[in-house]
Amino acid sequence: MTETAATLRTVAQNVRAARIRAGLSLEELGRRAQVSKDALVGLEKAQGNPNLATLVRLADTLGISVSALMQGRPEGRVRVVAADSVAPLWTGEHGGEARLMLTTSGPAPVEVWRWQLAPGDEYSSHPHQAGVVETVSVTAGRMTLVVDGTEHTVEAGRTATFDGDAPHTYRGSGTETCHLTMTVHLPPGPGIAP
């Protein structure tokens, strides 16, 4: 079984389990997450290829992290993850990519992402559930962070944070690839979005 097939199988099991825990039908989850019932049926059968936007909407609606949909049970007290062992969840038109490295456990989990934004690459995110806070730390290059329509330049050595419940966009700017670490701080507890 390939790594992609194994990951899809894990996502399928986790989506179904979270949906059942939340007491949602396929129709209701689809309505709330703005994902078609057919796509959800396929996903729960480990078929298809869900994109990052779909996984984010499902996770937000189910009140869990994206990595809770993608990862199996932790194997020990310490987890070390190599970037090349994690498949990109987003790939930009100019060579950028985003990899979800891991999510911490506990009542208010934190997702740790590694991003590369080539000049001209852009990723737009819909607003997350209330209480989500994102932080970006640029280690090389420069990006433009757009939050609720306002642009902010974030260069190497700088960090920005914002409430993730507003529309936001990451854009590679400048002449070299921007490298950044993003953390997504999730609110405590399982809250199901209406």
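The values are calculated or read from the model by the stated rules, or taken from the named source; none is laboratory data. Fair warning: this is a prediction, and the values are worked out from it, not measured in the lab. Glycine also receives a Cβ, built like all others from the backbone with ideal geometry; neighbour counts cover every protein chain displayed. Remember, those area values only see protein heavy atoms, side chains included, never the ligands or the DNA or RNA. Shrake-Rupley method; radii C 1.70, N 1.55, O 1.52, S 1.80 Å.
By the Cα gyration tensor, the chain has an equivalent ellipsoid whose semi-axes, rounded to whole angstrom, run 27, 18, 17 from largest to smallest.
Per DSSP H run of at least 4 residues, take -39500 (n - 2.57); add these up for the chain, divide by its residues and hand me the 222 nm value, nearest 500 deg cm²/dmol. -8000 deg cm²/dmol, from helical runs alone. Relative to its Kirkwood radius, the Cα radius of gyration of the range 130-194 gives an Rg/Rh of 1.04.
Against the chain, whose longest principal axis is taken from its Cα atoms, helix 52-62 shows a tilt of about 50°. For the range 1-59, the pair-distance distribution built from all alpha carbon pairs, in bins 5 Å wide starting at 0, is 4, 20, 32, 28, 10, 4, 1 percent.
Relative to the longest principal axis of the Cα atoms of the chain, the long axis of helix 3-22 lies at roughly 60 degrees. If R0 is 30 Å, the Cβ-Cβ spacing of Arg31 and Thr91 corresponds to a FRET efficiency of close to 0.55. Note on the chain: with neighbouring protein chains present and a 1.4 Å probe, carbon and sulfur make up 50 percent of its accessible heavy-atom surface.
Mean projected area of the convex hull spanned by the Cα atoms of the range 84-194, taken over all viewing directions: 7.2 nm².
Accessible surface for the chain, divided over its residues, is 53 Å² per residue with a 1.4 Å probe. Close amide H contacts of Ala118 (hydrogens built in the peptide plane, cut-off under 5 Å, sequence separation of 5 or more or a different chain): Gly96, Glu97, Cys178. Looking at the range 39-130, the GluC sites (Glu not before Pro) that sit in a DSSP loop and have at most 16 other Cβ atoms within 10 Å of their own Cβ are Glu75, Glu93.
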